[in-house]
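Undergrad: Here it is: the structure, laid out below.
None of the figures in this text is laboratory data; all of them are computed from the coordinates on show. In this text, all values refer to a predicted model and were calculated from it rather than measured experimentally. Glycine gets a Cβ as well: all are built from the backbone with ideal geometry, and neighbour counts include every protein chain shown.
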């Protein structure tokens, strides 16, 4: 059963925290499509409303439209003004930068870990290349083995770099729009 929700308020609260639809949907355990539908049609299941309210750390009632308030009309300007009035210090953290700071700290820590992993991948592959070229120069390996090892190290470098980039993408360090 679907219930009417204040989609403008949900979008406002999400944007106040600088969260994308993907981030909120992942934290709430719902699909991005469900959140998109909710924000577009102002209707959601009770479970979806509970999940989003839990993530936003507010009561479920605050996400429902206020029927008693005359400003709760279809006039978008009035709805936006209502959202701003209703989202007082009681519904938002006193310091929204605290949530942002925690998110930034988490991303910073993840960046450091991925940077270290990237450095290790590059260093180990450079060492591998150096070893293969040195062995070939010293005539310890033949041309066929040299070519095989050189190609193997190259493929390993490409694979590990791609894997690290994918992990960074999945953890929100960059988006598709950053690439294109």
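Undergrad: Taking segment 96-179, how much of its Cα-Cα pair set, in percent, is spaced more than 16 angstrom apart?
TA: So the portion of pairs separated by more than 16 Å is 63 percent.
Undergrad: With labels modelled as points extended 7 Å from the Cα through the Cβ direction, what inter-label distance (nm, one decimal) is found for residue 177 paired with residue 126?
TA: It works out to 3.5 nm between the two label points.
Undergrad: Quick one: 114, 56, fewest Cβ neighbours within 10 Å first, how do they rank?
TA: 114, 56
Undergrad: Given a cut-off of under 8 Å on Cα pairs at least six residues apart, what relative contact order in percent is computed for segment 96-179?
TA: 36 percent
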